[in-house]
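The values are calculated or read from the model by the stated rules, or taken from the named source; none is laboratory data. As the structure is a prediction and not an experimental result, all values here were calculated from the model. Cβ: placed from backbone, ideal geometry, glycine included. Neighbour counts: every protein chain shown. Surface areas here come from the heavy atoms of the whole protein model, side chains and all, with no ligands, DNA or RNA. Shrake-Rupley method; radii C 1.70, N 1.55, O 1.52, S 1.80 Å.
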Amino acid sequence: MRLSVLTAVLLGCASLVGCASSSSPETVLAIKPSRETTSSVTKGGGPVPEVAVGQSQVKADDAQEMLAWAGPVPETQVFESVAKKAAIPADRPAEAVIGDEPLTEGRSRKGSRVYSQRFRDAHPINFGKRAPKHYQVHGVDVSRWQGDIDWMKLRTQGANFAFIKATDGGDHLDPMFQKNWRRAKEAGIRRGAYHFFYWCRVASSQAEWFIRNVPKDPDALPPVIDAEYNGESSCKKRLTRAQYVEKIQVFSDMLERHYGKRPIIYTAPDFYADNLSGELKNHPFWLRSVAAHPSKRYPNRRWLFWQYSGSGLSHGVDGKIDLNVFSGSVNDWHNWLNGQS
């Protein structure tokens with residue numbers, strides 16, 4: 001009887017030890033995704049399955065592209081901008097482009113081959129004399145909503161650059177980011193990462209999250225801050241103009257200190273008119289304007305990239321894709337890239 005009681009006591013202790021050991025420090029400290037619903041620049045096509053934040057969806061040979069691959073997270077404070085300012089080409093269409101003929105591919109002595117665009121548009125717009133086809137350097141922006149992309153084919157269709165969705169807020173990672181980031185570079189496409197800003201979250205924590213998940217690659221394009229209203233999210237808060245600008249500045253300064261490149265600001269006409277007109281003059285802008293030339297939607301604002309369509313069609317992508325142009329010529333493009341390096 002005494003032996004049976006002792007055995008029971010010993011078994012009970014072992015059970016308690018086993019339960020305690022199931023909660024490792026990594027489990028306790030792991031960042032869990034919130035239930036926030038945030039949006040991307042573009043949505044379309046079939047949804048891609050979610051992956052848990054902090055887990056890799058790639059094979060063992062891709063372990064180099066896991067989370068936290070970009071190194072230590074900087075301190076959460078406002079930093080002074082330290083990187084050199086890259087020259088932004090003047091807002092002008094490419095020279096020597098006549099009529100409706102597509103531009104011919106060319107190779108600059110300063111950089112890699114630039115492909116002429118062969119994109120189509122499900123909802124084409126007549127932009128008049130300053131149409132996107134008159135610009136020499138075209139590109140795309142993508143997120144999980146484009147699914148599995150044939151990046152080599154997309155490049156030959158005219159995607160000379162690509163902005164790739166990386167993060168939302170402070171705990172959302174696009175499940176296709178790692179794969180898109182790797183494949184775009186393998187295809188020879190100049191790529192950069194963008195972050196969808198969540199106005200109900202502290203700017204410094206969002207910068208830390210982006211830095212944890214986006215590599216510090218000297219050949220990458222500058223990081224992008226997607227600054228627009230969170231209309232499709234759970235964040236219904238509206239800030240003052242000064243508060244919006246302050247959050248963007250804090251986020252931008254932290255990224256510039258880490259990556260050594262001044263971030264590009266992406267925005268839409270309504271958010272720009274309410275909060276950014278006349279602000280952040282030292283930042284390059286990427287402007288959405290799908291019904292008119294940017295000069296009509298953003299008076300007196302110089303721009304580096306123009307998103308002219310959210311309904312693009314291309315070989316290499318199932319469904320629709322966002323289409324963009326760079327503001328200058330092929331030489332301007334290579335000169336700007338050299339400045340970023």
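Amide H to amide H distances under 5 Å link residue 163 with 140, 141, 142, 192, where only residues 5 or more positions off or on other chains count and H is placed in the peptide plane. Over every Cα atom in the range 266-309, the radius of gyration and the widest Cα-Cα span, Dmax, amount to 9.3, 26 Å.
Look at where the Cα atoms of the range 214-233 and of the range 283-335 average out, and the two centres are 15 Å apart. Averaged over residues, the count of other Cβ atoms within 10 Å places the peptides 146-154, 284-292 in the sequence 284-292, 146-154, highest first.
Put 127, 251 in order of accessible area, highest first, and with a 1.4 Å probe you get 127, 251. In the structure displayed, which of 247/281; 261/296; 281/320; 129/296; 185/216; 153/179 lie more than 21 Å apart, Cα to Cα? Beyond 21 Å between Cα atoms: 261/296; 281/320. For the range 232-322, carbon and sulfur atoms together expose 46% of the accessible surface, with a 1.4 angstrom probe and every protein chain in place.
Using a probe of 1.4 angstrom and keeping all protein chains present, the accessible surface of the range 211-267 works out to 37 square angstrom per residue. Length available on full extension from residue 120 to residue 273: 0.36 nm per residue minus the Cα-Cα distance, which gives 52.1 nm.
If you take the square roots of the eigenvalues of the alpha-carbon gyration tensor of the range 240-324 and sort them as a ≥ b ≥ c, do you get rounded (a/c under 1.5), prolate (a/b over b/c) or oblate? It comes out oblate by the Cα gyration axes. Each of 332, 274 has its accessible area taken with a 1.4 Å probe; listed largest first, they run 274, 332. For the residues 209, 145, a 1.4 Å probe over the protein chains yields an accessible-area ranking, largest first, of 145, 209. Ranked from largest, the principal axis spans of the Cα set of the range 143-213 equal 40, 19, 17 Å. Sequentially through the range 159-165, phi angles give Karplus couplings (6.51, -1.76, 1.60; θ = phi - 60°) of 7, 7, 9, 8, 9, 10, 4 Hz, Gly and Pro residues having no value and appearing as x. Each residue was assigned an accessible area with a 1.4 Å probe, and for residue 258 the value is about 20 Å². Accessible area per residue was computed with a 1.4 Å probe on protein heavy atoms; residue 208 scores about 40 Å². Calculate, for residue 241 and residue 291, the FRET efficiency according to 1/(1 + (r/R0)^6) with r their C-beta to C-beta distance and R0 25 Å; round to the nearest 0.05. Efficiency, rounded to the nearest 0.05: 0.50. Rounded to the nearest angstrom and listed largest first, the equivalent-ellipsoid semi-axes of the range 113-158 from its Cα gyration tensor are 22, 15, 8.
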